Amino acid sequence: MPELPEHLHVLLTDEPHLHIAGPIDPWRVPDGWLEDRRARLRVLVDDPAFDTPELLKTWAPKVMRPDSPFLARAFFTLVWDMFPPVGLITGPASDFYAQLSNEYLIKPRKLGNFDSWVVGLANPTLPRGYYGRIKSPELREKLVLFYREALDLLADVPPFEPRRQVLVAAYDRIAADERLLEGHRSLSQDDLVKLWRDEIFVDDAAFDAFPEQTGNPLELLVWAMGRLRVAFDAMSAVTPEKEESFEQHVAGHLHQVRRLDLPAGLAFTELGSEGAVEVQRIFERTADKVDRSAWLAARRAWLARAAEAGGADAARHWLAASYLTGAALKGLPGESKESEDLRLVINHLRDLRNIFRIRRIAKPAPMLTPTAPDASKTTDTAETKAEEPTEGSLADPMGELDAMIGLTPVKARVRELAAQAKVAKLRHDAGMAVGSQAGHLVFTGNAGTGKTTVARLLAAIYKDLGLLSSGHLVEVSRADLIGRFIGETAPKVEQAVQRALGGVLFIDEAYALFNESEKDFGHEAIAVLIKLMEDHRDDLVVVLAGYPREMSDLLDANPGLRSRLPVTLAFPDYSDDELHRIFLHLVDEAGFTLAEGISERVAATLRRLPRAPGFGNARAVRSLLEQIATRQAVRVAGSEAPTPEEIRQITAADLPTVESTALATGGVVPQVDPLTALDGLIGLTDVKDVVRRLSAEAEAEVLRIKAGLKPSTRSRHMVFLGNPGTGKTTVARLIAGIYRDLGLLGTGQLVEVSRGDLIAPYVGQTAPRVRKVVEKALGGVLFVDEAYALYDEHFFGAEAIATLLQLMEECRDDLIVVLAGYTFEMEQLLDANSGLRSRVPTRLEFPDYSVEELGEIFTKIATEAGYILEPGIAERVGQLLAPLRREHGFGNGRQVRNVFEDTIARQAVRITALTGPTVEQIRQLLVADLPSKVTGPQSNGPGFKV
């Protein structure tokens, strides 16, 4: 069998190395190299002339400290520019761009493992915008010299050398040419970019190294397709069994990155006109046969076969070209965009390690020949019956695992664990020195996601492999392990472990063992458990299970646990379709039948269940069925002589509403038609039109999903612009109800927060606070009032925005975030953070109410409170408020309510002076009760500086 080429040996190790997949060899980072460069960088960036308040207010990479030197920020992005467009970067030093700047990062980086990796997308236009941020011509000239010196720091990094040489030549030329240097002193950023394109990046060598700098996305696709063709031919040469044309290969890529059509310009690539036509034919012919998981599995196997056949270099070249082509295809007609469906890197690196790190065994282990049973001794004894399945000896545990609904990533990981354990046992039996064959595990996920069931099946799988002696499961919790008095805890832990020996000890809600109080016996329980896990590792598997965040906190709090539990299985929440399938399975298991249309109605109910932390998943479905069964029993019991069919059948009368299932969280919008309530609002004509359009789009989306079409990936987050009291909160609440009724939100609650609810006063507290707020809002709308206040010149506001952006993307399927505030300040916020603008596509502008509408609002408030109005009072209210409408921050509806409350206070003085006032007098509001003057806003509104 061919050996791995010597220049790739480092890929099999955890030695510090940087590998940019493609034609450049991996580079092992020499001992002490990082420390030396960091020291030189510290001297290079120490220039107080650049660290003025104005420059330090400018943008910094989000991983860098707000007080990091200006030149440190410039260097950080320079290193990132050294990576090629859509560079596939692997190895412990894959975050090399950050490693060099470690002392300036918010959270310093540690070197990763051999299978660490990142993807660098196409770089921004050169030169970077730092020139445009500096007003002083002298400083801008110094920045040119800084970049040239900084490039020398990277001189002995081979993966960077082609691009570094181009930039070195560029900066040397600028420094030697007074006209180019003057351009860098004085030109605007846009003009400077044009100068680079017209006079600096002009030869083939420059564009060969920096193909993304052409400014034409199609150029990147042409370049990528050329690399893919070369890599495909190289792979095909070492794996001749793969009968596939390049056109078929490209069509598969198009499907894998979820292109719905062929991009324009494909004929200009390696394919040519005829090839592009052939790709079109194949693409259309195979559109209904797309299986992305199968594509990934097939490509992974293809890469492994190529590496095994001596084509390890071809395999990594193809990986790099595949990512590059995928990003170009995904991003056309704009910038490149990484595809989530091309993730093969980790598995291929692990496959390389498995293939080329097999130890050579001198003699194969002897094959055991089964002995034929003696028929004369075959009796129905206890020994014979012991072969029947028991709790720890299921008939086909792997088959039962496959039969479970959902849990695709968990099933794949269990298969990997079983395969690793099997090979480890074979190596052990062959006399090799190997570690434990079956390691301890962490299971993370919400309740009802199958953690206990999978642990039981894993115990049986390990027993069948001969790794555990009995394969049974012992399930315990905190109460089973921790005593109430001194001296009780250790024996309880030991007893639990003794009961579990030979099988799996499953500790549910394991995070409950940890308590920061030194007086809590949980510390003792963990210490004893760690010792016993090590003592009995050859015949015991411990599984710690619980919610993801709490389990992460537990492992962070105890390094001993984390080191002994290297493998984590993340159990995802079930999808709506999977919950529906679980429901149908439970119905069938219980012997019920469903009347026509009931299955669809239950599916709609399940779509509306809230997915907040703690969601019960399968348990919630079981609880729902139990409620249905109870209602059905009450109904059937009222019949005089129900037939067997009626006893078994579930009808519409048996279905509870979402709210009455006790599965929904609080804060649900009252059961009124939100669109009707919207129509009842005063004014807001344009806002109503937009909301109706959003409602129609959402309803159409539901219909498309039911018709089998893919759901839209369009963001539903919104920004509301306008003065206070214009109905922003009310409309947000109604939008929550609209999306809830369509099944696109779980419960439709509104959670209203402001800066104080999101930003903490101390380091490390802001991100958790934002997460907690988002988790509370899941299933509904998170309404961030005066959102512009999140932006400030300090780190905590930036951290809040960054965390919110991440969660808006992660939770987009069951959360709508509405950012609200004054129009001018909100526009400045969106201009200051492009990530917010791109993730919040919908804008609703709430105008101030007219004088007439202000009077109508007063009338509505007073009437709903039971008052009778004297004619002319509404008009007078409008006249009182008219002068204030021109002031910034005018309160609109809130101002009207203030007038109403002032009016009823004045009316109270008047009627209490009457002797025996009648009911009509008590209820009547007169023009004379209105205040003579209304005070407006006390300030010009909140300030905002970028």
Contact list, first residue from segment 187-215 and in contact (Cβ under 8 Å) with a residue 60 or more places away in the chain and surrounded by fewer than 16 Cβ atoms within 10 Å (Cβ to Cβ), second anywhere and assigned to a helix (DSSP H, G or I) and not basic (Lys, Arg), beta-carbon distance below 7 Å, six or more apart or interchain, is Gln189/Tyr131; Gln189/Gly132
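Would you confirm, using the coordinates I've provided, whether Lys110 is of a type in the set (Lys, Arg), under 30 Å from Phe796 (Cβ atoms) and either touching a residue at least 40 places away in the same chain (Cβ under 8 Å) or not assigned by TED's automatic domain parsing to the domain that holds Glu335 (or both)? It would help to see each step written out before you state the result.
Working: of a type in the set (Lys, Arg): yes; under 30 Å from Phe796 (Cβ atoms): yes; either touching a residue at least 40 places away in the same chain (Cβ under 8 Å) or not assigned by TED's automatic domain parsing to the domain that holds Glu335 (or both): yes.
Here the answer is yes, as Lys110 does meet what is asked.
Please specify each residue of segment 19-37 satisfying the condition of being touching a Pro at 6+ places or on another chain (Cβ under 6 Å) and either assigned to a loop (DSSP other than H, G, I, E, B) or of a type in the set (A, V, I, L, M, F, W, C) (or both). So that I can check it myself, show each step before the final result.
First, the residues of segment 19-37 that are touching a Pro at 6+ places or on another chain (Cβ under 6 Å): 19-20, 24, 27, 29.
Passing the criteria: Ile20, Ile24, Trp27, Val29.
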Residue pairs qualifying under the 6 Å Cβ cut-off, at least six apart or on distinct chains, with the first in segment 470-497 being in the same structural domain as Ala545 (by TED's automatic domain parsing) and over 21 Å from Asp538 (Cα atoms) and the second being assigned to a strand (DSSP E or B) and charged (D, E, K, R), are none
message: Is it the case, given these coordinates, that Pro137 is crowded, with 19+ Cβ neighbours inside 10 Å, farther than 17 Å from Phe75 by Cβ, assigned by TED's automatic domain parsing to the domain that holds Pro61 and not acidic (Asp, Glu)?
response: no
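Residue by residue, here is whether (1) closer than 23 Å to Glu338 by Cβ; (2) in contact with a Leu (Cβ under 9 Å, 6 or more places away or on another chain); (3) β-branched (Val, Ile, Thr) holds:
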position	(1), (2), (3)
Leu221	yes, yes, no
Asp233	no, no, no
Glu243	no, no, no
Gln248	no, no, no
Leu266	yes, yes, no
Glu270	yes, yes, no
Thr286	no, no, yes
Ala297	yes, no, no
Arg305	no, no, no
Of the conditions (1) hydrophobic (A, V, I, L, M, F, W, C); (2) surrounded by 19 or more Cβ atoms within 10 Å (Cβ to Cβ); (3) in contact with a strand residue (DSSP E or B) (Cβ under 7 Å, 6 or more places away or on another chain), the single one that Phe583 does not satisfy is (3)
If you go through Asp831, Asp848, Asp813, Asp785, the only one that is more than 23 Å from Val731 (Cα to Cα) and either out of contact with any strand residue (DSSP E or B) (no Cβ under 6 Å at 6 or more places or on another chain) or touching a residue at least 24 places away in the same chain (Cβ under 8 Å) (or both) is Asp831
When segment 871-898 is checked residue by residue, the ones that are in contact with a helix residue (DSSP H, G or I) (Cβ under 8 Å, 6 or more places away or on another chain), without any contact (Cβ under 8 Å) to a residue 24 or more places away in the chain and among the charged types (D, E, K, R) are Glu875
Matching residues in segment 80-118 (surrounded by 20 or more Cβ atoms within 10 Å (Cβ to Cβ) and β-branched (Val, Ile, Thr)) number 3
inquiry  = Within segment 49-60, does at least one residue satisfy the condition of being closer than 21 Å to Tyr171 by Cα, modelled with pLDDT under 90, assigned to a loop (DSSP other than H, G, I, E, B) and in the same structural domain as His17 (by TED's automatic domain parsing)?
reply    = no
Reported set for segment 525-553 where residues are closer than 20 Å to Val497 by Cα, in a helix (DSSP H, G or I) and not acidic (Asp, Glu) is Ala525, Ile526, Ala527, Val528, Leu529, Ile530, Lys531, Leu532, Met533
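Quick grid of which residues meet (1) acidic (Asp, Glu); (2) assigned by TED's automatic domain parsing to the domain that holds Leu126; (3) at pLDDT 90 or above; (4) over 35 Å from the mean Cα position of the chain (by Cα):
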{"site": "His184", "(1), (2), (3), (4)": "no, yes, yes, yes"}
{"site": "Leu187", "(1), (2), (3), (4)": "no, yes, yes, yes"}
{"site": "Leu195", "(1), (2), (3), (4)": "no, yes, yes, yes"}
{"site": "Val202", "(1), (2), (3), (4)": "no, yes, no, yes"}
{"site": "Phe210", "(1), (2), (3), (4)": "no, yes, no, no"}
{"site": "Arg229", "(1), (2), (3), (4)": "no, no, yes, no"}
{"site": "Met235", "(1), (2), (3), (4)": "no, no, yes, no"}
{"site": "Glu241", "(1), (2), (3), (4)": "yes, no, no, yes"}
{"site": "Glu244", "(1), (2), (3), (4)": "yes, no, no, yes"}
When you look at Trp59, is it closer than 24 Å to Val166 by Cα and surrounded by fewer than 17 Cβ atoms within 10 Å (Cβ to Cβ), yes or no? no
Flagged in segment 845-880 as part of a helix (DSSP H, G or I), closer than 28 Å to Leu819 by Cβ and either modelled with pLDDT under 85 or among the acidic types (Asp, Glu) (or both), in numbering order, are Glu853
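For segment 555-578, give me each residue that is over 26 Å from Thr408 (Cα atoms) and either outside the structural domain of Leu468 (by TED's automatic domain parsing) or touching a residue at least 24 places away in the same chain (Cβ under 8 Å) (or both).
Of segment 555-578, the ones over 26 Å from Thr408 (Cα atoms) are 556-561, 563.
Answer for segment 555-578, where residues must be over 26 Å from Thr408 (Cα atoms) and either outside the structural domain of Leu468 (by TED's automatic domain parsing) or touching a residue at least 24 places away in the same chain (Cβ under 8 Å) (or both): Ala557, Asn558, Gly560, Leu561.
Looking at segment 834-849, which of its residues are closer than 18 Å to Ser754 by Cα and touching a helix residue (DSSP H, G or I) at 6+ places or on another chain (Cβ under 6 Å)? Talk me through it step by step, then tell me what you get.
At the first step, the residues of segment 834-849 found to be closer than 18 Å to Ser754 by Cα are 836, 840.
Correct list: Leu836 only.
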Review point. Just a yes or no: is a residue in segment 665-685 closer than 19 Å to Leu782 by Cα, part of a helix (DSSP H, G or I), modelled with pLDDT of 80 or more and not aliphatic (A, V, I, L, M)?
Key: no
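Here are some residues: Gly878, Gly835. Which one is surrounded by 16 or more Cβ atoms within 10 Å (Cβ to Cβ) and in contact with an Asp or Glu (Cβ under 8 Å, 6 or more places away or on another chain)?
One residue alone meets the criteria, Gly878.
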- Query: Would it be correct to say that Leu804 is in the same structural domain as Leu836 (by TED's automatic domain parsing), hydrophobic (A, V, I, L, M, F, W, C) and either surrounded by fewer than 17 Cβ atoms within 10 Å (Cβ to Cβ) or at pLDDT below 85 (or both)?
  - Reply: no
Condition set among the acidic types (Asp, Glu) and surrounded by fewer than 19 Cβ atoms within 10 Å (Cβ to Cβ), scope segment 216-257, selection farthest from Ala321 (Cα to Cα): answer is Glu241
Residues of segment 1-18 being part of a helix (DSSP H, G or I) and surrounded by 20 or more Cβ atoms within 10 Å (Cβ to Cβ), in sequence order, are Val10, Leu11
Margin query: Going residue by residue through segment 775-791, is there one that turns out to be aliphatic (A, V, I, L, M), at pLDDT 85 or above and surrounded by fewer than 21 Cβ atoms within 10 Å (Cβ to Cβ)?
Written below: no
Selection over segment 277-301 where residues are at pLDDT 90 or above and of a type in the set (A, V, I, L, M, F, W, C) yields a count of 4
> Is there a residue in segment 143-162 that is assigned to a helix (DSSP H, G or I), of a type outside the set (S, T, N, Q) and more than 40 Å from the chain's Cα centre (by Cα)?
Replying inline: yes
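The values are calculated or read from the model by the stated rules, or taken from the named source; none is laboratory data. Since this is a predicted model, take the numbers as computed values, not measurements. Every residue, glycine as well, gets a Cβ built from its backbone with ideal geometry; the counts of neighbours run over all protein chains shown.
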